[in-house]
1. Give the number of residues within region 31-78 that are part of a strand (DSSP E or B) and within 12 Å of the ligand (Cβ to nearest atom).
2. Of the numbered conditions (1) closer than 25 Å to residue 98 by Cβ; (2) more than 14 Å from the ligand (Cβ to nearest atom); (3) charged (D, E, K, R), residue 128 fails exactly one; give the number of that condition.
3. Of the numbered conditions (1) within 16 Å of the ligand (Cβ to nearest atom); (2) touching a helix residue (DSSP H, G or I) at 6+ places or on another chain (Cβ under 6 Å), residue 202 fails exactly one; give the number of that condition.
4. Please work out if residue 284 is without any contact (Cβ under 8 Å) to a residue 24 or more places away in the chain, more than 29 Å from residue 4 (Cα to Cα) and open to solvent by less than 30 Å² (accessible area, probe 1.4 Å).
5. Looking at residue 70, is it closer than 24 Å to residue 109 by Cα, open to solvent by 20 Å² or more (accessible area, probe 1.4 Å) and either among the aromatic types (Phe, Trp, Tyr) or at pLDDT 95 or above (or both)?
6. Is one or more of the residues making up region 269-282 within 16 Å of the ligand (Cβ to nearest atom), touching a Phe, Trp or Tyr at 6+ places or on another chain (Cβ under 9 Å) and within 19 Å of residue 150 (Cβ to Cβ)?
7. Can residue 266 be described as surrounded by fewer than 20 Cβ atoms within 10 Å (Cβ to Cβ), more than 19 Å from residue 68 (Cα to Cα) and either assigned by TED's automatic domain parsing to the domain that holds residue 162 or not basic (Lys, Arg) (or both)?
8. Kindly provide the set of residues from region 97-135 that are out of contact with any strand residue (DSSP E or B) (no Cβ under 9 Å at 6 or more places or on another chain) and within 25 Å of residue 159 (Cα to Cα), ordered by number.
Amino acid sequence: MTLKHFIDTQDFTKEELLELIELTRLIKAADKQGCTPKLLQDATLAMIFEEPSTRTRVSFEVAMTELGGHALYLKPGEIHLGVRESLGDTAQVLSRMCDAIMARTLKHETITGLAKYATVPVINGLTDYNHPTQVVCDVLTMLEHAPAGKKLEELNVTFIGDATNVLSSLMLICTRLGMNFTHAAPKKYQAPAEWIQWAEENNKISGGTLTVTEDPVEAVRNADFIYTDLWWWVGQEDQIPERRAAFMPKYQVNKDLMAKAPAHCKFMHCLPASRGIEVTDEVMDSHQSIIFDQAENRLHTEKGILVWLLYPRLKRPSAELAAFHRGKIENFLNR
Ligand code: CP
């Protein structure tokens with residue numbers, strides 16, 4: 001069976017991504033009626049974290065439990081990961097004991113390194129380059145909150161703020177799916193040329209559009225969804241004064257900026273958010289905000305991704321075979 005990892009949405013076609021989203025919707029519908037099927041009975045997920053997490057950690061662990069499996073939380077510094085043991089050795093050992101590996105790594109090369117040596121699916125739980133599980137969840141959330149009658153390809157998504165790993169993933173999945181994507185940021189904090197080139201290549205196939213601008217008001221004029229993310233992250237503390245000066249107040253998502261968008265426009269944030277910095281409390285807690293629906297959808301999306309990758313790979317022995325082995329072992333024990 002072909003080994004499929006989940007490292008970058010660019011590795012999948014539009015049809016594959018839509019199939020994954022449809023599977024996620026089916027699993028979510030079952031969950032809402034209290035009947036999540038135990039599709040991953042007895043499967044084990046190793047979860048490696050080099051950075052803290054609330055949503056990614058909890059959603060993957062709960063997803064595995066509700067699907068009948070189990071997740072191991074390997075917190076920062078708890079296992080050998082490229083220190084005292086090569087990445088390849090760690091990947092191969094985990095592959096012998098677990099059915100999949102999910103990792104949040106500081107460097108993107110670490111996740112691709114794990115995938116190179118692993119013999120089970122590797123899932124990217126965020127790197128310095130991208131956050132693919134987050135943006136599958138985001139598209140699912142957009143479909144659930146889209147204006148009545150608007151198709152996926154007609155949706156206008158505007159990201160205001162820094163060119164983060166979430167921006168790269170969101171820009172690439174939206175363009176891959178044929179949506180209309182706008183990024184508004186000061187010149188210095190706009191997406192690098194390479195990401196723009198990939199997005200434009202996506203658009204040639206999908207019919208999507210990409211606009212990059214310094215004008216946030218123009219960027220939100222037709223937006224169905226306004227999305228933002230942190231302006232600085234751990235390790236960028238020395239840049240805070242410069243970044244704050246570049247973004248504030250022009251790029252803050254506040255009541256005034258939301259008022260420039262259509263009345264139906266929704267607000268999204270991958271969280272964690274710095275309330276009062278990139279977005280105000282008024283917007284976070286407004287009727288236009290769908291941030292907690294979005295956060296909940298991480299759980300449903302992780303289930304979709306896990307089932308998509310693992311279900312076809314799991315061994316499901318017949319009752320006869322299971323009884324045969326149990327009998328042999330019990331005969332040995334009782335001899
Ligand atoms: N959005 C997101 O990935 O949140 P965590 O950092 O809490 O996992």
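1. The total comes to 2.
2. Unmet condition: (2).
3. Condition not satisfied by residue 202: (1).
4. Spelling it out, residue 284 is indeed without any contact (Cβ under 8 Å) to a residue 24 or more places away in the chain, more than 29 Å from residue 4 (Cα to Cα) and open to solvent by less than 30 Å² (accessible area, probe 1.4 Å).
5. no
6. no
7. no
8. Matches in region 97-135: 106, 107, 128, 129, 134, 135.
The values are calculated or read from the model by the stated rules, or taken from the named source; none is laboratory data. Here the structure is a predicted model, which means the values were calculated and not measured. Here the Cβ is made from the backbone with ideal geometry for all residues, glycine too, and neighbour counts use every protein chain on show. Heads up: the accessible areas ignore ligands, DNA and RNA and are worked out on the full protein's heavy atoms, side chains in. Shrake-Rupley method; radii C 1.70, N 1.55, O 1.52, S 1.80 Å.
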